[in-house]
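K.L.:
Below is the structure I would like to discuss, written out as structure tokens.
The values are calculated or read from the model by the stated rules, or taken from the named source; none is laboratory data. Just so we're clear, the structure is a prediction, and the values are computed from it rather than from any experiment. Using ideal geometry, Cβ is built from the backbone for each residue, glycine included, and neighbour counts are taken over all protein chains shown. Remember, those area values only see protein heavy atoms, side chains included, never the ligands or the DNA or RNA. Shrake-Rupley method; radii C 1.70, N 1.55, O 1.52, S 1.80 Å.
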Amino acid sequence: MENKSTKPKKITDKNKHQKEDTILDHLEISVAESEKRANGTLNLREFYTVYLIETKLTDSVFQNKFSKLTTVWRRYTEFEHLRGYLEITYPYIVLPPLPEKRVMFGWQKISSDTFDPNFVDRRRAGLENFLLRIASHPVLSWDKHFIEFLQHEDDWRESCKTNGYLQLMENKFKALNLSMRLRNSDPRFESIKEYSHIFQNNLSNLLKARSRVAEKQYNVHKLHANYGRVFSEWSVVEKDMGDALQKTGHYLDSLASSIDAGLEDEELLADQLKEYLFFANSLQNVCKNYEYHQLQLEGAEDNVATKNIERNKAQQGKTSLMSRLFGAVDTDEVRELKVNLLDQQIQEGAAAVNISKTNLNEFSSKALTDIERFQNQKVLDLRETLTSYAFLQLKTAKKGLQTWIQIRDCLQNVP
């Protein structure tokens with residue numbers, strides 16, 4: 001069982017005076033610890049990890065709605081089911097992503113084992129951050145299914161199986177994966193879609209570069225341990241310089257070991273960058289959902305246009321090639337019946353067009369509002385993450401500078 005002090009990034013709100021009420025104003029939510037458990041003998045995977053979610057009521061006004069203190073254990077797959085449900089229910093929202101399921105942008109010091117204690121604890125922090133993101137969202141936080149996820153362990157699992165959303169999710173994903181060629185597309189969503197790919201590519205390149213730099217830093221610092229060993233061995237045979245050489249060796253050993261804590265802190269910042277790398281996928285999904293609504297509208301409009309053409313032909317008495325060849329011509333009564341039927345279909349099609357337009361307009365309005373919220377939060381979070389990264393580099397550089405100053409002073413005092 002692990003229980004470390006790693007904390008996710010604090011979620012802030014740029015426009016606090018406009019902040020809407022969320023469940024996080026009334027509850028404290030944390031993923032307090034993780035636990036490795038054994039599967040039954042019939043499972044191919046011998047072990048799995050569960051995470052303990054703790055919620056604590058902080059507002060007595062809400063004591064009738066929430067339990068004062070609850071704890072539930074959840075597997076990572078259950079977090080995936082929660083997010084899948086939210087993705088189907090709120091297609092216009094830039095959903096918070098889950099932390100990585102497998103190690104990404106790894107390097108020499110980072111284990112690829114998903115049961116590695118450091119990886120499990122970083123994922124625990126990421127899952128807590130995921131829940132806090134949802135709980136601080138003015139719409140998502142009040143979702144009944146989300147609240148059940150936090151407080152009802154067994155009931156939520158059963159409702160997850162019986163509410164049918166998993167099938168809806170599968171069907172929706174199939175529809176979104178279809179190639180969509182639109183005649184008319186909102187330039188705002190086209191711009192957002194293009195930006196999301198550029199943003200994702202930039203973050204991916206940044207994380208790749210960072211992992212290479214981290215590995216180089218790690219190796220260079222560890223090589224200083226060779227310096228330390230040489231100076232320590234040398235000090236044994238030197239009478240006048242012995243103490244200075246021995247201290248120099250200790251300083252260099254200290255420098256070699258100092259990089260470990262710094263890179264561990266840096267890995268937490270890399271996780272925050274990964275979160276926004278995955279956020280780019282959420283942004284792209286919102287654009288796909290817009291395209292789906294636009295496609296529905298264009299399909300409804302095409303249907304009405306086709307029925308109008310058929311009606312004009314029926315009204316003018318034009319018949320098909322086969323009818324002309326075989327001498328089958330509609331009577332006036334049949335023609336009138338066809339026209340009346342097509343009129344009814346055109347009327348129904350026009351109603352479908354209006355519904356599609358309403359759905360598209362409502363979706364676009366909600367989506368653009370949430371995308372603006374996301375962009376504001378993104379600027380705050382990335383500014384904090386990148387600034388923290390700069391401070392870590394300064395701290396590492398100062399440590400190196402301090403070490404070499406100590407070595408210089410030590411050697412200058414050799415009698």
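K.L.:
Over the Cα atoms of region 61-116, what Rg and Dmax result, in angstrom?
P.N.:
Taking only Cα atoms of region 61-116, I get Rg and Dmax of 16.8, 51 Å.
K.L.:
Another question, if that's okay. For the pair N64/S388, report the inter-label distance in nm, with labels modelled 7 Å from Cα in the Cβ direction.
P.N.:
4.0
K.L.:
For H197 and S254, compute 0.36 nm times the residue count separating them, minus their Cα-Cα distance, and round to one decimal in nm.
P.N.:
Numbers: separation 57, 0.36 × 57 = 20.52 nm, distance 4.31 nm.
Between H197 and S254, full extension yields an extra 16.2 nm.
K.L.:
Per the 1.4 Å probe, what fraction of the accessible area of region 190-257, in percent, lies on carbon and sulfur atoms? Numbers along the way, then the final one.
P.N.:
Numbers: 2280 of 4140 Å².
Carbon and sulfur atoms account for 55 percent of the accessible area of region 190-257.
K.L.:
From largest to smallest, what semi-axes in whole angstrom does region 203-266 give when each is the square root of 5 times an eigenvalue of its alpha carbon gyration tensor?
P.N.:
Largest first, region 203-266 gives 34, 10, 6 Å.
K.L.:
Determine the principal axes of the Cα atoms in region 182-319, then give the extent along each, sorted from largest to smallest and rounded to whole angstroms.
P.N.:
That gives 117, 20, 18 Å along the principal axes, largest extent first.
K.L.:
Continuing with the same structure: Using only Cα positions of region 368-415, each an equal point scatterer, no hydration layer, compute I(q)/I(0) via Debye at q = 0.13, 0.17, 0.19, 0.29 Å⁻¹ and quote the log10 values to two decimals.
P.N.:
Results for region 368-415 at q = 0.13, 0.17, 0.19, 0.29 Å⁻¹ read -0.53, -0.65, -0.71, -0.94.
K.L.:
How far apart, in nm, are two points set 7 Å out from the Cα along the Cα-to-Cβ line at H152 and at K222?
P.N.:
It works out to 5.1 nm between the two label points.
K.L.:
Restricting to Cα atoms and excluding each atom paired with itself, what does the Kirkwood estimate give for region 243-285 in Å? Let's see the in-between values first.
P.N.:
Working: mean 1/r = 0.0761 Å⁻¹.
So the Kirkwood estimate lands at 13.1 Å.
K.L.:
At 0.36 nm per residue, and after removing the present C-alpha to C-alpha distance, how many nm does the segment from W142 to D240 gain when stretched out fully?
P.N.:
Additional length available on full extension: 27.9 nm.
K.L.:
Now a separate question. Among the listed pairs K56/K366; K109/K395; K357/K378; K109/K399; K101/K216, give every one whose C-alpha distance is greater than 29 Å.
P.N.:
On the way: K56/K366 31 Å; K109/K395 20 Å; K357/K378 31 Å; K109/K399 21 Å; K101/K216 26 Å.
From the list (K56/K366; K109/K395; K357/K378; K109/K399; K101/K216), the Cα-Cα distance tops 29 Å for K56/K366; K357/K378.
K.L.:
Within region 199-218, name every residue whose backbone N is under 12 Å away from a label modeled 7 Å from Cα of N118 along the Cβ vector.
P.N.:
215, 218
K.L.:
Could you please state how large a percent of the accessible area of region 39-130 is carbon and sulfur, counting protein chains only and using a 1.4 Å probe? Let's see the in-between values first.
P.N.:
Values: 2180 of 4390 Å².
Roughly 50 percent of what the probe reaches on region 39-130 is carbon or sulfur.
K.L.:
Then there's this: Find how much the distance from Q402 to V334 grows on full extension, using 0.36 nm per residue of separation minus their present alpha carbon separation; answer in nm with one decimal.
P.N.:
So the chain would gain 14.7 nm between Q402 and V334.
K.L.:
Mind jotting down the distance between the C-alpha centroids of region 102-155 and region 215-232, whole Å?
P.N.:
If we compute the Cα centre of each part, the gap is 36 Å.
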